[in-house]
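Since the structure comes first, as structure tokens, the remarks are kept for the end.
The values are calculated or read from the model by the stated rules, or taken from the named source; none is laboratory data. Nothing here was measured: the structure is a model prediction, and the numbers come from that model. Counting neighbours? That spans all protein chains shown, and the Cβs are built from the backbone with ideal geometry, glycine included.
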Amino acid sequence: MFLKNTYNEFIKIAAKPRSYISIAAITVLVGIILFAMKIDGPAYISFITASFEQTLNFEGKIMNGNLMAFIILQMLIVQIPLLVALVTGDLISGEAAMGTIRMLLSKPISRTKVLLSKYTAGLLYTFFILLWMGFMAVIVGRWLFGDGDLMVLNSDGLVIIPANDIAWRFIGGFMIAFLALATVATLSIMLSCFSDNSIGPIVSTMSVIILFTIIGTLDVPVFDNIRPFLFTTHMAAWRSFFDNPLPIQAIKESVIILFAHIGIFLSIAIYHFNKKDILS
Amino acid sequence: MESSIISISHLAKNYGSFQAVKDVNITVNKGDVYGILGPNGAGKSTTIRCMLSLINASAGSISLFGHDIKTHRKEALSKIGCIVEKPDFYKYLSAETNLAIFGRMAGADVSKKNLHKMLSFVGLEGREKDKVNGFSHGMKQRLGIAQTLLHNPDLIILDEPTTGLDPQGIIDIRNLILNLKNEFQKTIVLSSHILSEIELIANRMVIINKGITVVEGSVQALLNQEELLVLFEVTDSKAAVNSLTTYKNIHIIDPHHFEITISKNEIPECITRLQKADILVYGVETKRKLEDYFLKLTKA
């Protein structure tokens, strides 16, 4: 029954026009970035490397597909939560708004299973969105710009990763990025359980992300104790896979924090959804 | 002996300090077409939602097919098909896909053959691939009934099934409900604010007012308790009234019509007495119906 219902949920997601907004948006955004880099890439790279050129001598093809993929991921990972929330925030509240929730919850299947089916379908959708972004960034990026060593500028300085050492880092990075987006999806589904309209949970999800991000970036001592526990602090943990050496402990902590948020959000969602009176 | 498939006892539902349902008691037997009547806000829909576990009851017990809805929800709901308030579907999906989605959830056979059979039964053949977005309210109501039948449930619950339909739509749905009863031997529970619908379809009913069961029983028996206003069309109304002097509430309308307040059982006696007085009876029309009975009870 659970698998059948998850299949139902996937049919619904696949048939909704809004589900394709994310795919279209990613395609257009990545297309624009790749086009801009193809035209003005050398000037952009020179601007970034200018401060190093006095001490370092760059040889080879710096502007390659791997760098393009890294730039794209860095630019788009901020926008993807909105695209995910657009669909996952509607999963429960959309049914309430349409009135179909009455029919759905009067069937001989537990509310927990209904919610988990939707959640699973929402996660699959999130995975697909990330996969599409990965395909556009890595595959199309490499196809247009070729392979090469990846030059990453982070807070510790410049890290150069050889081309033959990059694939597993992208896979690891995508896995952490998926975990971060799964946290956003869980948050929006949880908020969706509290609402009877589609817009509320989407706006609320983005508000929570913005609020947590502001708290996380404000350099005020009062927030020092809570900052490490905010999921938004760990949403950029995918970048850790492009550090040398790999910060295993930091990655572990991010994974634990993100999983903890998923557990808390999902538990609240299940509890509330089971207790909720269906009045719509 | 009739077997009860719905048993609701002292049901109550509170929303904060507001009591939507105070004390509702319902017993539905196998094979009944059971009407739930009550003015707007009486608690009919809340009662139906509690029955389907869409709303958690504050007090009382609900047993469906011998299963407590709180503890054996799945077993109880597996034998029920329902439409609550209005049939809402995924507008962006076809009629066939909508049926398949709800059918899968109920564990029904969702083969194209079965889906098309159900759509054909409710008069939607040829519209299988059409998106529900373009369906009229009547078509959605029929699709809703098809959805209730997919898993061959024993009990069908329809909340105000004729609301918002045009006269032809009302007749279609009424016939569909009667078909479910006569051809498929389903037990049907329906609420309606069109009281004549209940009188035409139901064999048993409950009247709920202000969240309380006012009366429950056989439609026929409840109506027979009441005196009817009967209009007679005769050859000579003055002579007719003279032959019925033992009746008190009688008055002449015109030379060929008179009205009399009597119980249903007294109508044959009246006709016999008129015939003995050589007065021909051309027509007998009972004017007091369920509406009057309902209004009398709910205004009390």
**Report entry** Index of the failed condition, A:Met190 passing every other in (1) in contact with a helix residue (DSSP H, G or I) (Cβ under 9 Å, 6 or more places away or on another chain); (2) modelled with pLDDT under 95
**Finding:** (2)
Requested in this report: Return yes or no: is A:Asp90 in contact (Cβ under 8 Å) with a residue 40 or more places away in the chain and more than 14 Å from chain B (Cβ to nearest Cβ)?
Outcome: no
Requested in this report: Look at A:Met151 and say whether it is at pLDDT below 95 and part of a helix (DSSP H, G or I).
Outcome: no
Report task. Could you check A:Ile72 against (1) part of a helix (DSSP H, G or I); (2) β-branched (Val, Ile, Thr); (3) within 14 Å of another protein chain (Cβ to nearest Cβ) and say which number it fails? Result -> (3)
Report task. Answer yes or no: is there a residue in segment A:223-231 that is in contact (Cβ under 8 Å) with a residue 60 or more places away in the chain, buried (at least 20 other Cβ atoms within 10 Å of the Cβ) and either out of contact with any strand residue (DSSP E or B) (no Cβ under 8 Å at 6 or more places or on another chain) or in a helix (DSSP H, G or I) (or both). Result -> no
Query raised in the report: Can you spot a residue in segment B:163-172 that is farther than 29 Å from A:Lys4 by Cα and among the polar types (S, T, N, Q)?
Result: yes
Report task. Tell me which residues, restricted to segment A:243-280, are surrounded by 17 or more Cβ atoms within 10 Å (Cβ to Cβ), more than 14 Å from chain B (Cβ to nearest Cβ) and in contact with a helix residue (DSSP H, G or I) (Cβ under 6 Å, 6 or more places away or on another chain). Result -> A:Ile251, A:Ser254, A:Ile257, A:Leu258, A:His261, A:Ile262, A:Phe265, A:Leu266, A:Ala269, A:Ile270
Requested in this report: Filter segment B:123-144 for residues that are facing chain A (nearest Cβ under 10 Å) and assigned to a helix (DSSP H, G or I) and give the result.
Outcome: B:Gly144
Query raised in the report: Which one of these is more than 23 Å from B:Ile6 (Cα to Cα) and in the same structural domain as B:Ile36 (by TED's automatic domain parsing): B:Asp159, B:Asp172?
Result: B:Asp172
Query raised in the report: Of all residues in segment A:154-183, how many are in a helix (DSSP H, G or I) and surrounded by fewer than 18 Cβ atoms within 10 Å (Cβ to Cβ)?
Result: 8
Report summary line: Within segment A:8-20, restricting to residues that are in a helix (DSSP H, G or I) and surrounded by 14 or more Cβ atoms within 10 Å (Cβ to Cβ), the one that is modelled with the lowest pLDDT is A:Ser19
Query - Meets criteria (more than 26 Å from the chain's Cα centre (by Cα), away from every other protein chain (no Cβ under 14 Å) and over 30 Å from A:Phe2 (Cβ atoms)) for A:Ala43 - result: yes
**Report entry** Counted residues, segment B:144-162 - those being more than 19 Å from the chain's Cα centre (by Cα) and among the hydrophobic types (A, V, I, L, M, F, W, C)
**Finding:** 1
Query raised in the report: Just wondering, is there one or more residues in segment A:222-242 that are more than 18 Å from A:Val84 (Cβ to Cβ) and in contact with an Asp or Glu (Cβ under 8 Å, 6 or more places away or on another chain)?
Result: yes
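Conditions tested, residue by residue: (1) crowded, with 19+ Cβ neighbours inside 10 Å; (2) farther than 23 Å from A:Val28 by Cα.
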position	(1), (2)
A:Arg102	yes, yes
A:Thr112	no, yes
A:Ala121	yes, yes
A:Gly134	yes, no
A:Ile139	no, no
A:Trp143	no, no
Report task. Select from segment B:165-193 the residues that are loosely packed, with under 14 Cβ neighbours inside 10 Å and in a loop (DSSP other than H, G, I, E, B) and list them in ascending order. Result -> B:Asp166, B:Glu183, B:Gln185
Query raised in the report: Does segment A:93-103 hold any residues that are more than 7 Å from every other protein chain (Cβ to nearest Cβ) and within 17 Å of B:Arg73 (Cβ to Cβ), and which are they?
Result: A:Ile101
Query raised in the report: When both residues are 6+ apart or on different chains and their Cβ atoms are under 7 Å apart, which pairs have a first residue that lies in segment A:130-153 and is farther than 19 Å from A:Asp165 by Cα, and a second that is of a type in the set (D, E, K, R) and at pLDDT below 90?
Result: A:Leu144/A:Lys38
